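To start, the structure under review is shown below, and the notes come after it.
We did not get these values from a lab; they are worked out from the coordinates using the rules stated. In this text, all values refer to a predicted model and were calculated from it rather than measured experimentally. Every residue, glycine as well, gets a Cβ built from its backbone with ideal geometry; the counts of neighbours run over all protein chains shown.
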């Protein structure tokens, strides 16, 4: 059985998969005390926080509520997104 922090981490990963970045940050923050020594957790948490901050800044500059993120692989090809 998972404790509440582990459940929050799983929910954060699920939110990332669904590109619900603000929700992922919220779930990561619920789990941060339990995963203090986990480097992968902190990398995902901080990267997601940075993504949300950039989205908010760009949306404010463009006077829009949403921003479409285009995923590109390291070889320069676009990802096949729905």
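Things worth noting here:
- As a rough guide to protection, the peptides 38-47, 18-27 ranked by mean Cβ packing within 10 Å, highest first, stand as 18-27, 38-47.
- The relative contact order of segment 4-62, computed from alpha carbon pairs under 8 Å that lie at least 6 residues apart in sequence, is 31 percent.
- Global geometry of segment 1-55, whether rounded, prolate or oblate, following the gyration tensor of its Cα atoms and the 1.5 cut on a/c: oblate
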